[in-house]
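See below for the structure under consideration.
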Amino acid sequence: MPRKPLIAANWKMYKTPAQAQEFVKNFLPLVTNHERDEVVLCPSFISLSVVIAAVTGSGVAVGAQNMHFAEEGAYTGETSPLMLKAIGATHVILGHSERRQYFGETDEIINKKLKTALQQGLVPIVCVGEVLAERESGRTEEVLLRQTRGVLAGIGAAEAAPIVIAYEPVWAIGTGKTATPQIASEAHEVIRGEVKKLLGGGVAENLRILYGGSVKPENASALMSETEIDGALVGGASLDPQSFGKIVKY
Ligand code: PEP
């Protein structure tokens, strides 16, 4: 069965609840009855409830940009998977490169979060990707293998089905430099090959691997026409409803 593409908007630390609601009002008419792709909006924690209420009945899903690995506890300032589920979030981005870079997230922490997300029935969108210096020194494959092994450590084939991986080369995030479809495809093949070794052919074949890094309406269709690319994680270009609508309709 072909993999259903997933297009996710990562709004990062942008949009107040009122702005998020306004986005949804303008975006939903652009994607009415759009069933080819799974569409997910990931606002900040503070806007999750507003966006969840605003998309009700539309087929558009809502995810968080992060979560803690514990179900509850004395972790001031954190948000748990139970809380996300309780308000109706269905997806969660884990290990975004900005979390790795600015908040010290490691593959080990992301792995713990991934396990909890799976236990709680959230669809995890787990990010991996090399920085520019790693690509330029020929270490992309090594980095992708290390990250893929690290985030998936201890996860069995029986529980892995909901996992989505986002390949996000850090040099392409927010820079306007997109990986060519060929570069992205090669990276996806490395990740899928490793998942096959770790979790078997069935899981690897069904695994959705998204590309993220300066996806725009102008380059979405070339990227998405690659058989290895099963969707997109979109930052900057997802902040505007028209632009994100065009990407969803690539
Ligand atoms: C992202 O934040 O995941 C991302 C890919 O950002 P941008 O599309 O702006 O490069």
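Span-like helices, the chain: DSSP H, alpha-carbon axial extent 24 Å or more, mean Kyte-Doolittle -1.0 or greater, which ones?
On the way: long enough: 181-199 (26 Å, -0.19).
Helices passing the filter in the chain: 181-199.
One Cα centroid belongs to segment 119-163, the other to segment 40-82; the line between them spans 22 Å.
The listed peptides 55-61, 3-9, 210-216, 106-112, ordered by packing as a protection proxy, come out as 210-216, 3-9, 106-112, 55-61 (highest mean of other Cβ atoms within 10 Å first). Step through the table entries LYS113/LYS196; LYS177/LYS197; LYS85/LYS196; LYS112/LYS216; LYS25/LYS216; LYS15/LYS196, compare each Cα-Cα distance with 28 Å, and write down the pairs that go over it. Correct reply: LYS177/LYS197; LYS85/LYS196; LYS112/LYS216; LYS15/LYS196.
What FRET efficiency do you get for ILE46 and LYS249 if R0 is 30 Å and r is their Cβ-Cβ distance, rounded to the nearest 0.05?
Working: r = 29 Å, r/R0 = 0.96.
The value I calculate is 0.55.
Above 14 angstrom, tally the Cα pairs of segment 140-186 and express them as a % of all pairs, no decimals. Working shown, then result.
Details: 673 of 1081 pairs.
When every Cα pair of segment 140-186 is considered, 62 percent fall beyond 14 Å.
For segment 6-248, how big is the tail of P(r) above 29 Å, as a whole percent of Cα pairs?
Numbers: 6825 of 29403 pairs.
Result: 23 percent of Cα pairs exceed 29 Å.
Residues whose amide H comes within less than 5 Å of that of ALA70, counting only those at least five positions distant or on another chain, are absent (H built at 1.01 Å from N in the peptide plane). Here the convex hull built on the C-alpha positions of segment 91-229 has a volume of 103 cubic angstrom per residue. Loop-located trypsin sites (Lys or Arg not before Pro) in segment 169-234 (DSSP state not H, G, I, E or B) with no more than 13 neighbouring Cβ atoms inside 10 Å: LYS177. Between ARG208 and ILE165, the built amide H atoms are under 5 Å apart, and every one of these is 5 or more places off in sequence or on another chain.
Share of carbon and sulfur in the accessible area of the chain stands at 54%, probe radius 1.4 Å.
Please compute, over every Cα-Cα pair in segment 62-154, the percentage with a separation greater than 23 angstrom.
Values: 1068 of 4278 pairs.
The proportion of pairs with Cα distances above 23 Å equals 25 percent.
Over all distinct Cα-Cα pairs of segment 1-132, the Kirkwood formula returns a hydrodynamic radius of 15.4 Å. Mean residue ellipticity, 222 nm, helices only, the chain: the sum of -39500 (n - 2.57) across DSSP H runs of n ≥ 4, divided by residue count and rounded to 500, is -12000 deg cm²/dmol.
A Cα-only calculation for segment 161-200 places Rg and Dmax at 12.0, 36 Å.
When ligands, DNA and RNA are left out and all protein chains stay put, how many square angstrom of accessible area per residue does the chain have with a 1.4 Å probe? Could you put the intermediate results ahead of the total?
Values: 11220 Å² over 250 residues.
Per residue, the chain has an accessible area of 45 Å².
Determine the relative contact order of the chain: mean sequence separation of Cα pairs under 8 Å and six or more apart, normalised by residue count, in whole percent.
Values: 488 pairs, mean separation 51.5, N = 250.
Answer for the chain is 21 percent.
Amide H to amide H distances under 5 Å link HIS96 with CYS127, where only residues 5 or more positions off or on other chains count and H is placed in the peptide plane.
The values are calculated or read from the model by the stated rules, or taken from the named source; none is laboratory data. All values derive from a computational prediction rather than experimental measurement. Neighbour counts are summed over all protein chains in view; Cβ atoms, including those assigned to glycine, are modelled from backbone coordinates with ideal geometry. Quick note on the areas: whole protein, heavy atoms, side chains included, nothing else; ligands and nucleic acids left out. Shrake-Rupley method; radii C 1.70, N 1.55, O 1.52, S 1.80 Å.
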